[in-house]
1. Could you run through region 87-115 and say how many residues are of a type in the set (Val, Ile, Thr) and at positive phi?
2. Tell me whether region 44-65 contains one or more residues that are of a type outside the set (A, V, I, L, M), under 19 Å from the mean Cα position of the chain (by Cα) and over 21 Å from Thr8 (Cβ atoms).
3. Looking at region 39-57 only, could you name the residues that are surrounded by 12 or more Cβ atoms within 10 Å (Cβ to Cβ) and touching a residue at least 40 places away in the same chain (Cβ under 8 Å)?
4. Pick from Ala9, Ala90: which is exposed (fewer than 13 other Cβ atoms within 10 Å of the Cβ) and either among the aliphatic types (A, V, I, L, M) or within 30 Å of Glu122 (Cβ to Cβ) (or both)?
5. Looking at region 16-74, which of its residues are among the β-branched types (Val, Ile, Thr) and more than 21 Å from Leu121 (Cα to Cα)?
6. Within the group Gly70, Gly62, which residue is surrounded by fewer than 11 Cβ atoms within 10 Å (Cβ to Cβ) and modelled with pLDDT under 85?
7. Enumerate the pairs (first residue in region 13-30 and outside the structural domain of Ser92 (by TED's automatic domain parsing); second residue anywhere and in a loop (DSSP other than H, G, I, E, B)) with beta-carbon separation below 7 Å, excluding pairs fewer than 6 apart on the same chain, so at least 6 apart or on different chains.
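The values are calculated or read from the model by the stated rules, or taken from the named source; none is laboratory data. It should be emphasised that the depicted structure is a prediction, and the values quoted were computed from it without experimental measurement. Here Cβ is always computed from backbone atoms with ideal geometry, including for glycine, and neighbour counts include all displayed protein chains.
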Amino acid sequence: MNLFWKSTAFVLAATIAKLTLDKGEKDIALLLSVFACAAVAGSAFLLLEPVMEFLLSLGDLGQIPEQFIGVLMKILGIGILSELSQSICADSGNASLGKALQLAATAVTMYISLPLFRWFLELIQEIMGQL
């Protein structure tokens, strides 16, 4: 939780600095935003480490293959990074690039989810065969 408060303070300081720089140094202000986003995303991933451990233990309990828990974590990471990147694109005046990135993130999420969907389908077919 302490990491969250530090991240919040960092974001507020970066926002104030960006607003100050926006008046004359827009390029540096954008770089500051990108750096701040990357730093906060890094801390967010540190906060997600216990969640990963919990999901792995939950997967063991439900006999879910570990590779599928990895797929879920990849999907989470793609979602977080694409959302941040889309916001940065919008802030820099390139909202259409951000939307294109979201489309690509959706496509790659669907692609990496295929093994998970196949596993669910096999599981459903197995259950239906047992009825």
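1. Total satisfying the criteria: 0.
2. yes
3. Result: Ala41, Ser43, Leu47.
4. Every option except Ala9 fails the conditions.
5. Ile16, Thr20, Ile28, Val34, Val40, Val51
6. Only one candidate passes the filter, namely Gly62.
7. Partner pairs satisfying both residue conditions: Ala29/Asp22; Leu30/Ser92.
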